[in-house]
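Student: Handing you this structure, nothing more for now.
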Amino acid sequence: MRLSRFHLHTTKETPADADVVSQQLMLRSGMIRRLAAGIYTWTPLGLKVLRRVEAVVREEMDRAGALELLMPSIQPRELWEETGRWQRFGGQLLKLKDRKDAEFCYGPTHEEVVTDWARGELSSYRQLPVNVYQIQTKFRDEIRPRFGVMRAREFLMKDAYSFHVTPECLAAEYENMRQAYTRIFERLGLRFRAVQADSGAIGGDASQEFHVLADSGEDVIAYCPDSDYAANLEKAVAAAPGPRPAPSRAMERVSTPTQTTCAEVAALLGQPLAATVKSVAVVGAAGFVLLLVRGDHEVNEVKAGNLAALGPDYRLATDQEIVDHLGCRPGFIGPVAPARPVTVIADRAVAALADFTCGANAEGFHLSGVNWSRDLPEPHAIEDLRSVVEGDASPDGRGTLSLCRGIEVGHIFQLGQKYAQALGATVLDEAGAARVMHMGCYGIGVSRIVAAAIEQNHDASGIAWPAPMAPWQVAVCVINPKGSAEVESAAVALYDELRGLGIDTVLDDRGLRPGPMFADIELIGIPHRVVVSERGLAADSFEYRGRRDSEARSLDRAGLLDLLRG
């Protein structure tokens, strides 16, 4: 490809409304152009990168034995009603009507559609297992789309779905997909981690997320440097503490006239923050509930929402509900002697405390030296309620946890029978009996990978693509201020030779001065730059610079070809 015949429109200015580096560089390099909030046009340059990612994903899915199909992006309401998700999916579901007033949605995911396909196509256990996938545009009506294509409303996704007679067969395919995903991200040259994850709105019995590691990531990952343990913060297990010590102090009511937070109370009393208990009043499936965590910990909302007593739709209690149940306004509440009986759920670290400090349910007062059984009943339930913190013991017992940030680019689920049961997707087993199929679901954010790779691979000059994702491997730059036919001919000859060797090469024949030309090549992230000039031809050499090299160097033709072929 000659850049003189290619649409390349770069800019020096950083767009004011671009929040993260990937969005800034994708706009500056001309990879994407905004059409509306969270909706982008992919230019020829951007599409080349997108197709690179797509090709690797497709090759590894095919290698893993999955079969490609293509399902409609517009889905009828009736299917979503069968699974109960027409209302439950929430505002992200873009709903529309056709000219006959029939209701549809623009698919954010395809569990309903693929299960409908399966119940019509699969009738016997002999047809299983089967894994089908597609690479297709999805739409989720994000309330606040941001970060460019990282959290866009319209995005390109690879979603796969497998069908099985037994959960053991599903587990085997889940592992097959985990290995395929590992190969995909390794081939793309990304630093990533596979982590245990919460299944969220998709549902299912087990799931893992794949995160590209980057400081700009929205997700926090807890991992053990000394083992393979890794989990999303929502899922990371806080290791159980040791046994509870015996009480050593009497309970005492202390004045805390203006101290309403655990940190303020601990400072006033000269106590460690870890010796205080934070009470969080919520309303869920079991009604009014008091959640207890240590003062130096935070309630993990996802863990709490997974408790049967709360459910995913639980909420914070209102001030009036708190007064009604505890007899006091927020800031001084606690589990000792509430005004009315309340359900108390304690984090495991709180259940192991002795002589702790908590609110007294009286304005301006807290209680210190509080002990379970003696001063208040044992909690109704003891759960892993909190988010882990740096330095916590790893749940596998092989070290301590560290935290880092990541960008989720893939997620695999063991769905079980959730969707097959709802849609009546069955096959006949060996005995001729109808069996509800077990399902797996496996997604990769193809367009998000592009942005995530930039977040991980950039510098002050622009993008520094991993080679498998670059739009071209080599840029041959023509320095030809006098219009030398010899320089032009030598550049074209090198360009043709590299292409003949199977090396994807672009010829920058736009006639720009060296500064702007090199700035463009660095901005768009080409891994290798070769300069053809009169000076180089006179010395029988080419100027070569790798995208991450600090300086250029001169190579003869043989040395250059050996380097680029290697």
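The values are calculated or read from the model by the stated rules, or taken from the named source; none is laboratory data. Since we're looking at a predicted model, the values are computed, not measured. Counting neighbours? That spans all protein chains shown, and the Cβs are built from the backbone with ideal geometry, glycine included.
Student: Please indicate, with yes or no, whether at least one residue in the stretch 411-428 is within 30 Å of ALA470 (Cβ to Cβ), modelled with pLDDT of 95 or more, part of a strand (DSSP E or B) and in contact with a Phe, Trp or Tyr (Cβ under 6 Å, 6 or more places away or on another chain).
Tutor: Yes, that holds for at least one residue.
Student: Are there any pairs, at least 6 apart or on different chains, whose C-beta atoms fall under 7 Å, with the first in the stretch 2-13 and within 26 Å of ASP496 (Cβ to Cβ) and the second surrounded by 13 or more Cβ atoms within 10 Å (Cβ to Cβ) and β-branched (Val, Ile, Thr), and if so, which?
Tutor: Matching pairs, first to second residue: LEU3/VAL506; HIS7/THR43.
Student: Hey, another quick one. Any chance you could count how many residues in the stretch 391-413 are of a type in the set (Val, Ile, Thr), closer than 19 Å to ILE449 by Cα and more than 10 Å from the chain's Cα centre (by Cα)?
Tutor: Residues meeting the conditions: 1.
Student: When residues of the stretch 259-275 are filtered for being β-branched (Val, Ile, Thr) and either within 16 Å of VAL336 (Cβ to Cβ) or in contact with a helix residue (DSSP H, G or I) (Cβ under 8 Å, 6 or more places away or on another chain) (or both), how many remain? Let's see the steps before the verdict.
Tutor: First, pick out the residues of the stretch 259-275 that are β-branched (Val, Ile, Thr): 260-261, 265.
If we keep only those that are either within 16 Å of VAL336 (Cβ to Cβ) or in contact with a helix residue (DSSP H, G or I) (Cβ under 8 Å, 6 or more places away or on another chain) (or both) as well, we get 265.
Count: 1.
Student: Then there's this: If a residue has to be within 27 Å of SER368 (Cβ to Cβ), among the β-branched types (Val, Ile, Thr) and either out of contact with any strand residue (DSSP E or B) (no Cβ under 7 Å at 6 or more places or on another chain) or assigned to a loop (DSSP other than H, G, I, E, B) (or both) to count, how many in the stretch 312-338 make the cut?
Tutor: Step one: filter the stretch 312-338 for residues within 27 Å of SER368 (Cβ to Cβ), giving 316-317, 319, 321-338.
Still in the list and also among the β-branched types (Val, Ile, Thr): 322-323, 333, 336.
With either out of contact with any strand residue (DSSP E or B) (no Cβ under 7 Å at 6 or more places or on another chain) or assigned to a loop (DSSP other than H, G, I, E, B) (or both) added as a condition, the list becomes 323, 333, 336.
Residues that pass the stated criteria total 3.
Student: I need every pair where a residue in the stretch 491-512 that is more than 21 Å from ALA538 (Cβ to Cβ) and at pLDDT 95 or above has its Cβ under 7 Å from the Cβ of a residue that is assigned to a loop (DSSP other than H, G, I, E, B) and aromatic (Phe, Trp, Tyr), sequence separation at least 6 or different chains.
Tutor: Taking only residues 6 or more apart or on different chains, the pairs are ASP504/TRP472; THR505/TRP472; VAL506/TRP472.
Student: For the stretch 300-323, how many residues meet the condition of being buried (at least 17 other Cβ atoms within 10 Å of the Cβ), of a type outside the set (Phe, Trp, Tyr) and either within 15 Å of VAL344 (Cβ to Cβ) or touching a Gly at 6+ places or on another chain (Cβ under 6 Å) (or both)?
Tutor: 6
Student: Working only within the stretch 151-180, note down all residues that are of a type in the set (Phe, Trp, Tyr) and either at pLDDT below 95 or in contact with a helix residue (DSSP H, G or I) (Cβ under 8 Å, 6 or more places away or on another chain) (or both).
Tutor: Residues of the stretch 151-180 that are of a type in the set (Phe, Trp, Tyr), as a first pass: 155, 161, 163, 174.
Selection gives PHE155, TYR161, PHE163.
Student: Given the conditions (1) surrounded by 15 or more Cβ atoms within 10 Å (Cβ to Cβ); (2) of a type in the set (D, E, K, R); (3) part of a loop (DSSP other than H, G, I, E, B), which single one is not true for GLU209?
Tutor: Every condition holds for GLU209 apart from (3).
Student: Quick check: is even one residue across the stretch 352-375 closer than 24 Å to LEU233 by Cα and either touching a Lys or Arg at 6+ places or on another chain (Cβ under 9 Å) or crowded, with 23+ Cβ neighbours inside 10 Å (or both)?
Tutor: yes
Student: Please go through the stretch 4-55 and give me each residue that is more than 11 Å from GLY148 (Cβ to Cβ), assigned to a helix (DSSP H, G or I) and not assigned by TED's automatic domain parsing to the domain that holds VAL446, ordered by number.
Tutor: Residues satisfying the conditions are SER4, ARG5, ARG28.
Student: Which of (1) outside any strand (DSSP E or B); (2) surrounded by 15 or more Cβ atoms within 10 Å (Cβ to Cβ); (3) without any contact (Cβ under 8 Å) to a residue 40 or more places away in the chain does MET177 not meet, given it meets every other one?
Tutor: Just one mismatch for MET177, condition (3).
Student: Out of the residues in the stretch 12-33 that are among the hydroxyl-bearing types (Ser, Thr, Tyr) and modelled with pLDDT of 95 or more, which is farthest from the chain's Cα centre (by Cα)?
Tutor: SER29
Student: Shifting gears a bit: Out of all the residues in the stretch 124-175, which are within 30 Å of MET31 (Cβ to Cβ), basic (Lys, Arg) and touching a strand residue (DSSP E or B) at 6+ places or on another chain (Cβ under 9 Å)? Before you say what the answer is, go through the steps one by one.
Tutor: Step one: list which residues in the stretch 124-175 are within 30 Å of MET31 (Cβ to Cβ), which gives 133-160.
Cutting the leftovers down to basic (Lys, Arg) gives us 138, 140, 144, 146, 151, 153, 158.
Passing the criteria: LYS138, ARG140, ARG144, ARG153, LYS158.
Student: Condition check: within 23 Å of the chain's Cα centre (by Cα) and either outside the structural domain of HIS438 (by TED's automatic domain parsing) or surrounded by fewer than 18 Cβ atoms within 10 Å (Cβ to Cβ) (or both). Does GLU68 satisfy that?
Tutor: Values: within 23 Å of the chain's Cα centre (by Cα): no; either outside the structural domain of HIS438 (by TED's automatic domain parsing) or surrounded by fewer than 18 Cβ atoms within 10 Å (Cβ to Cβ) (or both): yes.
It is false that GLU68 is within 23 Å of the chain's Cα centre (by Cα) and either outside the structural domain of HIS438 (by TED's automatic domain parsing) or surrounded by fewer than 18 Cβ atoms within 10 Å (Cβ to Cβ) (or both).
Student: For the stretch 83-102, give me each residue that is more than 19 Å from GLU142 (Cβ to Cβ) and surrounded by fewer than 16 Cβ atoms within 10 Å (Cβ to Cβ).
Tutor: GLY84, LYS97, ASP98, ARG99, LYS100, ASP101, ALA102 - these are the residues of the stretch 83-102 that are more than 19 Å from GLU142 (Cβ to Cβ) and surrounded by fewer than 16 Cβ atoms within 10 Å (Cβ to Cβ).
Student: State whether the residues of the stretch 56-72 include one that is on the phi < 0 side of the Ramachandran plot and part of a strand (DSSP E or B). It would help to see each step written out before you state the result.
Tutor: Start the filter on the stretch 56-72 by keeping residues that are on the phi < 0 side of the Ramachandran plot, which leaves 56-64, 66-72.
Okay, now just the ones that are also part of a strand (DSSP E or B), so 67-68.
Within the stretch 56-72 (the criterion being on the phi < 0 side of the Ramachandran plot and part of a strand (DSSP E or B)), the answer is yes, since at least one residue qualifies.
Student: Might you check whether a residue that is assigned by TED's automatic domain parsing to the domain that holds ALA422, more than 15 Å from the chain's Cα centre (by Cα), within 18 Å of ARG448 (Cβ to Cβ) and touching a residue at least 24 places away in the same chain (Cβ under 8 Å) occurs anywhere in the stretch 189-207? Please lay out each step first, then the result.
Tutor: Taking the stretch 189-207 as the starting set, the residues that turn out to be assigned by TED's automatic domain parsing to the domain that holds ALA422 are 189-207.
Within this subset, residues satisfying the condition of being more than 15 Å from the chain's Cα centre (by Cα) are 189, 203-206.
Still in the running and within 18 Å of ARG448 (Cβ to Cβ): 189.
When the remaining residues are screened for being touching a residue at least 24 places away in the same chain (Cβ under 8 Å), the result is 189.
Yes.
Student: While we're here: Tally the residues that are crowded, with 16+ Cβ neighbours inside 10 Å, more than 30 Å from GLU488 (Cβ to Cβ) and of a type in the set (A, V, I, L, M, F, W, C), restricting the search to the stretch 1-41.
Tutor: So the count comes out to 7.
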